[in-house]
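Engineer: Can you keep this structure in mind? I'll have questions shortly.
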Amino acid sequence: MNRAFLRIDVKEGRGRDTIRLIPSTGEARQYDIPRNALIHARKELEPCLNALKECIGREVGVSPDTSGKALGQLFHDTRRLMENIFQSLDRVLEIRKFCAGALLAAATGIEVPIVEVTGPTGEFPFELLPLFGPAPVPERIEDIETFSRRFLSFVAVVRRAPDVPDAAPAQPLTGKPLQLAFTWYQPLAAVQDEHDFFVGLGERELQLNGPWPAPGVPNVDVVNRLAEGLVDPRLRYSAARADTEVQVQHFACHCVAEQDRNFLLLSGCEDDEPRPVTLETLQSAYTTAWEPYRERLSADSVRPLVFLNACRAGTIDPQRLSSWPMWFIQRRHRTVIGPMTNVPDVTAAQFARLFYEALLANQSAGKALVLARRELLSKFANPLGLLYVLYGQPDVVIPPPP
C-alpha cells in the first residue's frame, strides 16, 4: 500500500490557487480556484461537522436511520462546499467522474489505496469529499455501509505530506509485544476503558509504559518526563531505561485548540489537579531534554507513531504558526493520527480499540485507520471515524514474527 493512486497537489498563486489531480495512470487535471478557497471552505465546514455530531449523539451505538440521515446531510453539505471551491457544478461532476476512474484503475489487488495531499491546503479535510457514487441521495438510505463509500474517507487512506525537511520514512515498528506509552486524563470514564483495553491485551501483545501522569506528580515533572521520553524512546515514565524503544505514543485526554489557547489537559486521578501542557511548554522541555543526547542520538532517528485521541488534536490551524501534528512530524515521528474536531469520549475510546486491533493484526497504520472507520460504522452504525486524519507515513506496520 505504498503507491498513491491519486495525488492532490495544491499550489498558491497571486490571485488564484491551483489544484492538480495527478493519477498514478493517465493524464493530470488542473483547476484554478479562488485564493484561499480551501481555508474558507474549512471554516464553513465547522457548523456542518457540529450538525453531524449533534445528529449522531454522544453514544457509540447509533440507529441506522439516524446514521443514514447524518451521512445524507453530510453529502449535501460537502458537495455544496465542492461547488464553492471549484465554482461550478459541472466541474464537481467532472472531478467526481475523474476520481472514480482513477480509483478503478488502482483498485486491482489493492484493498485500501492511498491518496496523497501536498501543498498548502489550509488543512481542508479531503477525506470528507463525496467523490464516488451517484450524485442523488435517496430519501431513505437503506445500506449505510454502501453509502459511506461515496466519501473518500471510507475508500482510501489520505496521506498528508507536510513540507518538512527530513521527515521520517515509513520504518516498521519493532514487532510484538508493542511498546506503547500511555498518557491520559484519568477522570474521563472512557479513557479508563482505553487503559483497560491495553492491559487486557496481555504482555505478549502489548507492554504499557504508564499511564502518565501518576497522581501527585508535580507539574514540572509531568512535562519534563513526557519530553524526555519523546527525546529518548527507551526511557520509561518510571525514569528507568529499557532495552526496547517505545513504538507508539498514545494520548487519551482533553485537548483545547483555539486561536489563543492550545494545550493538552492531563490528570492522574479525579482528585488530582488537571495539568495543562501547552505546545510551547513541551517544546521548551524537549529542547532542554535534547541537550544531553546531542552527541549520542542520531539526528535522523525515527520516532514513535503518535495517536492523539484528544478532541481537535489532529487539527492544523493555518492561521497559527504551529500545531500538535506538525510539531511531532518535525521531530521525525513516523505517523500522527488524531481527530479534526471534538469527538465524544466513548466513541473515541471505541475507535482507538478498533484501530489497535487492526494494527496488531499486522495491518499498516493507514489501512488500520480506514478499517477502524468501517468497523465503527458496521458494528455501531457510527460514522464519526471519518473525523480522524493522518499525517506522515501510512505504511508503518508491525512486522509478523519470523
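Engineer: Of all residues in region 173-203, which are assigned to a loop (DSSP other than H, G, I, E, B), loosely packed, with under 15 Cβ neighbours inside 10 Å and touching a residue at least 12 places away in the same chain (Cβ under 8 Å)?
Structural biologist: Step one: filter region 173-203 for residues assigned to a loop (DSSP other than H, G, I, E, B), giving 173-177, 186-188, 201-203.
Then drop every residue that is not loosely packed, with under 15 Cβ neighbours inside 10 Å, which leaves 174, 202-203.
Across region 173-203, the qualifying residues are THR174, GLU203.
Engineer: Just the residues that are under 11 Å from the mean Cα position of the chain (by Cα) and at positive phi, please, taken from region 373-402.
Structural biologist: If the condition is that a residue be under 11 Å from the mean Cα position of the chain (by Cα) and at positive phi, then GLY392 is the only one that fits.
Engineer: Inspect region 53-64 for any residue being closer than 22 Å to ALA156 by Cα and either modelled with pLDDT of 90 or more or part of a helix (DSSP H, G or I) (or both) and give the result as yes or no.
Structural biologist: No, every residue in region 53-64 fails to be closer than 22 Å to ALA156 by Cα and either modelled with pLDDT of 90 or more or part of a helix (DSSP H, G or I) (or both).
Engineer: Can you find even one residue in region 39-47 that is farther than 26 Å from ASN382 by Cβ and either in the same structural domain as ARG140 (by TED's automatic domain parsing) or β-branched (Val, Ile, Thr) (or both)?
Structural biologist: Among the residues of region 39-47, at least one is farther than 26 Å from ASN382 by Cβ and either in the same structural domain as ARG140 (by TED's automatic domain parsing) or β-branched (Val, Ile, Thr) (or both), which makes the answer yes.
Engineer: Another question, if that's okay. Counting only residues that are within 20 Å of TRP212 (Cβ to Cβ), at pLDDT below 90 and surrounded by fewer than 18 Cβ atoms within 10 Å (Cβ to Cβ), which one in region 245-271 is farthest from the chain's Cα centre (by Cα)?
Structural biologist: ASP271
Engineer: May I pose another question? Take ASP90 and decide whether it is charged (D, E, K, R) and either surrounded by 14 or more Cβ atoms within 10 Å (Cβ to Cβ) or over 26 Å from VAL117 (Cβ atoms) (or both).
Structural biologist: When the stated conditions are applied, ASP90 does not pass them.
Engineer: Criterion first (of a type in the set (Ser, Thr, Tyr), more than 30 Å from ARG204 (Cα to Cα) and surrounded by fewer than 18 Cβ atoms within 10 Å (Cβ to Cβ)) does THR146 satisfy it?
Structural biologist: On the way: of a type in the set (Ser, Thr, Tyr): yes; more than 30 Å from ARG204 (Cα to Cα): yes; surrounded by fewer than 18 Cβ atoms within 10 Å (Cβ to Cβ): yes.
Yes; evaluated as a whole, the condition is true for this residue.
Engineer: Taking region 10-25, which residues are in a loop (DSSP other than H, G, I, E, B) and under 20 Å from VAL115 (Cβ atoms)?
Structural biologist: Within region 10-25, SER24, THR25 meet the criteria.
Engineer: What residue, among those in region 109-141 that are assigned to a loop (DSSP other than H, G, I, E, B) and among the aromatic types (Phe, Trp, Tyr), is farthest from PRO23 (Cα to Cα)?
Structural biologist: First pass over region 109-141, keeping only residues assigned to a loop (DSSP other than H, G, I, E, B): 109-113, 119-125, 129, 131-141.
After this cut, where a residue has to be among the aromatic types (Phe, Trp, Tyr) as well, the list is 124, 132.
Values: PHE124: 20, PHE132: 15 Å.
Here the answer is PHE124.
The values are calculated or read from the model by the stated rules, or taken from the named source; none is laboratory data. Only a predicted model underlies this, so the values are computations on that prediction, with no experimental measurement involved. Neighbour counts are summed over all protein chains in view; Cβ atoms, including those assigned to glycine, are modelled from backbone coordinates with ideal geometry.
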